[in-house]
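All remarks here apply to the structure that follows.
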Amino acid sequence: MTRGLNLTGLKAMRNNSSRPFYLIPYYLWIALFVIAPIALIVYYSFFDISGNLTFDNYKNFFSSVYLRLTLSSFWYAFLITVFTLIVAYPTAYWLTKTKHKQLWLLLIIIPSWINLLLKTYAFIGIFGLYGPANRFLKAIGIGEQQILFTDFSFIFVSVYIFIPFMILPIFNSLDKMNPALIDASRDLGASSWVTFRRVIFPLAINGVKSGIQAVFIPALSLFVITRLIAGNKVITLGTAIEQQFLVTQNWGMGSTIAVFLILFMIIIMMLTGQRDKGGMANGKIK
Amino acid sequence: MGKLSKKGKAYLAVVFIILYAPIFYLIFYSFNSGGTMSSFEGFTLEHYGAVFSDTRLIIILMNTVIVALLSSLIATAIGVLGAIGIVFLRNRKMRSAVLSLNNILIVSPDVIIGASFLILFTMIGVKLGFASVLISHIAFSIPIVVIMVLPKLQEMSDSLIDAAADLGASKRDILTRVIIPFIKPGIFAGFFLALTYSLDDFAVTFFVTGNGFSTLSVEIYSMARAGITLTINALSALIFIVTLGLVIGYYSFSQRASRNTPGTGGL
């Protein structure tokens, strides 16, 4: 780097940062839309529906209703993450072996850019009483079933939606791996299963971690799928927040659930965190 | 590396079919003259006609596009300046603190962003409607732009700025004639990403939109809750095409952003 005599330009820019007037909008944004909203959520969590200062919301949260809700939300998010991982890992693995892998990856990602509502809506038709899923069940002799508004449909649709988000980070970390390591492992007599278990999987674990992070947190907080597919049952923390804010209008309780959701999110991110920069550069996360 | 086995190919094929089947299922039935998504009776374009003859829907569509364009333009301006500011922050700790704050909205679940913005707007007295939706979209797009622009800025060598300053460029010249042209691909990529996020957003808008104002996703949600209408299918076919165009646009910019690595950049 040329850091010799010509520090003038750098200084000119650096001096700017001591009076960064061009940064005012950005810092204003941080203050107003990053810090203030979180502070407001915490603040509101201490008020009840008629505006009295209280700890009741927290007490309520630890009552059986909300504890059961939290547990079931975690259970669903866990199931969704596990199934997504089971589908996504082999896909990512085999994708790295295709000839035009970037193109194939792009094709995998494109569905993730299609609006979530539309994909969910498609399943209202597919899983409907006269939809293709039921026609298939009828054809193989099982007969019509109520598929919509069941746990199965909720988990299936969620897994469908999250698959690309899980594939992307796993693909990236598998793709970054040095192929010589695999050759070495095979040369030293490891079977392909042992190579996978002892070499490939541990080396690509960071991709799995970011994938889990990218699926688990939204799975806790999604409310669209539960509303449209799971038939108005409140089964995730996200649905509960939406319900409290927009239906019951109890912002205090909604904020309290949101506070806990933020806490869970931080814990999950710490558990799945990693030093290097995560692979969320392209593809939509949320 | 080993080649793709037969088993692998079959597996990938199944995954691709599952990923695309629902989308093409929707589009297929948008041409159905029967009113359902279960039996195809005959070919028709009437549902597309319904989309374009429904003035309410057209207004909503225009709202959506205006919000998306305006919010991503403003977010790009603020985000680019913010990214430049972050790069030139002297204090390392300060820089990583600002970066962490920047990323909070990217990782936050939509419900939380929506709920907290709803509280914010109610508190400071912004009427729910166009303004609140636009401001929210700007707010959640800014960090995306910053993230897209930062790598380009970090790639830029200090000596470029030094040289410009030595040659007598003012700060303003350095910004507009050295830095901005250099990071242009990043700026476009950020703009495109912001645009798609805005067009795609449902949850945040759902919280902060009042009664009078609606965007396409919110409208689709209320239509879908009422049941199956093939108008949604026609809409989704149109949205699919637009999305495809945007993805291709975004990828061509970000490809260019990563390919144009001049010799001066990097180490």
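The values are calculated or read from the model by the stated rules, or taken from the named source; none is laboratory data. Quantities reported herein were computed from a predicted structural model and do not represent experimental measurements. Glycine gets a Cβ as well: all are built from the backbone with ideal geometry, and neighbour counts include every protein chain shown. Calculation scope for accessible area: heavy atoms of the full protein, side chains included, ligands and nucleic acids excluded. Shrake-Rupley method; radii C 1.70, N 1.55, O 1.52, S 1.80 Å.
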Completion exercise
Residues of the stretch B:107-155 that bury at least 50 Å² of accessible area, probe 1.4 Å, when all protein chains are present rather than the chain alone, are B:Val107, B:Pro109, B:Val111, B:Ile112, B:Ile119, B:Leu120, B:Met123
Handout entry: Cα gyration tensor shape of chain A, rounded if a/c is under 1.5, else prolate or oblate by comparing a/b with b/c
Key = oblate
Fill in the blank from the handout: Among the DSSP H helices of chain A, those whose Cα atoms extend at least 30 Å along the helix axis and whose mean Kyte-Doolittle hydropathy is 0.0 or higher are A:64-95, A:151-176
Fill in the blank from the handout: Full extension between A:Ile266 and A:Ala180 adds, at 0.36 nm per residue less the Cα distance, a length in nm of 27.3 nm
Completion exercise
Expressed in nanometres to one decimal, the distance between label points 7 Å along Cα→Cβ at B:Ile18 and B:Glu46 is 3.7 nm
Problem - Where a label projected 7 Å from the Cα of A:Lys97 along Cα→Cβ would reach, residues of the stretch B:1-39 with amide N under 13 Å - result: B:1-13
Completion exercise
Of the candidates A:Gly252, A:Ala190, A:Tyr130, the farthest towards the positive dipole end of the stretch A:58-271 (Lys/Arg Cβ +1, Asp/Glu Cβ -1, centred on the Cα centre) is A:Ala190
Handout entry: Protein accessible area in the protein assembly as shown, 1.4 Å probe - carbon and sulfur %
Key = 67 percent
Problem - the stretch B:120-135 residues near the modelled B:Thr55 label - backbone nitrogen below 17 Å, point 7 Å along Cα→Cβ - result: none
Problem - Signed unit charges on C-beta, dipole axis of the protein assembly as shown, positive-most listed residue A:Tyr121, B:Leu193, B:Ser71 - result: B:Leu193
Exercise for the section: List every DSSP H helix in chain B whose Cα atoms extend 24 Å or more along the helix's own long axis and whose mean Kyte-Doolittle hydropathy is at least 1.0. Expected result: B:6-29, B:55-87, B:130-155, B:180-200, B:230-259
Exercise for the section: Grab chain B and count how many Lys pairs have their alpha-carbon atoms under 25 Å apart, sequence gap of 8 or more, or different chains. Expected result: 4
Problem - R0 of 60 Å, Cβ-Cβ distance A:Lys233-B:Leu101: FRET efficiency to nearest 0.05 - result: 0.95
Fill in the blank from the handout: Which of A:Thr70, A:Thr98, A:Thr239 fluctuates most in a GNM of chain A (C-alpha springs under 10 Å)? That residue is A:Thr98
Exercise for the section: Give the total of Lys-Lys pairs in the stretch A:58-271 with Cα-Cα distances below 28 Å; include a pair only if its members are 8 or more places apart or on different chains. Expected result: 13
Handout entry: Candidate residues B:Arg172, A:Arg186: accessible-area rank, largest first, probe 1.4 Å
Key = B:Arg172, A:Arg186
Practice task
Give, rounded to the nearest 20 debye, the magnitude of the charge dipole that chain A has about its Cα centre when Lys and Arg contribute +1 at Cβ and Asp and Glu contribute -1 at Cβ.
Solution key: 880 debye
Exercise for the section: Order the following by accessible area, largest value first: A:Lys101, A:Lys119. Probe radius 1.4 Å; ligands, DNA and RNA are ignored. Expected result: A:Lys101, A:Lys119
Handout entry: Average accessible surface area per residue within the protein assembly as shown, 1.4 Å rolling probe, Å²
Key = 45 Å²
Completion exercise
Mean-square fluctuation maximum in Gaussian network of chain A, Cα pairs under 10 Å, restricted to A:Leu263, A:Leu85, A:Leu137, hits A:Leu137
Handout entry: R0 of 41 Å, Cβ-Cβ distance B:Val126-A:Leu106: FRET efficiency to nearest 0.05
Key = 0.55
Handout entry: Distance (nanometres) between label positions extended 7 Å along Cα→Cβ at B:Arg172 and A:Ser192
Key = 6.5 nm
Fill in the blank from the handout: Relative contact order in percent for the stretch A:58-271 (Cα pairs under 8 Å, 6+ apart) equals 27 percent
Problem - Rg and Dmax of the stretch B:93-236, Cα atoms only, in Å - result: 20.0, 67
Handout entry: Dimensions in Å of the protein assembly as shown - Rg and Dmax from alpha carbons
Key = 24.8, 83
Completion exercise
Dividing the surface of the Cα convex hull of chain B by four yields a projected area in nm² of 20.3 nm²
Handout entry: For chain B, built as a Gaussian network whose Cα springs stay under 10 Å, the top-fluctuating residue of B:Ile241, B:Ile84, B:Ile60
Key = B:Ile241
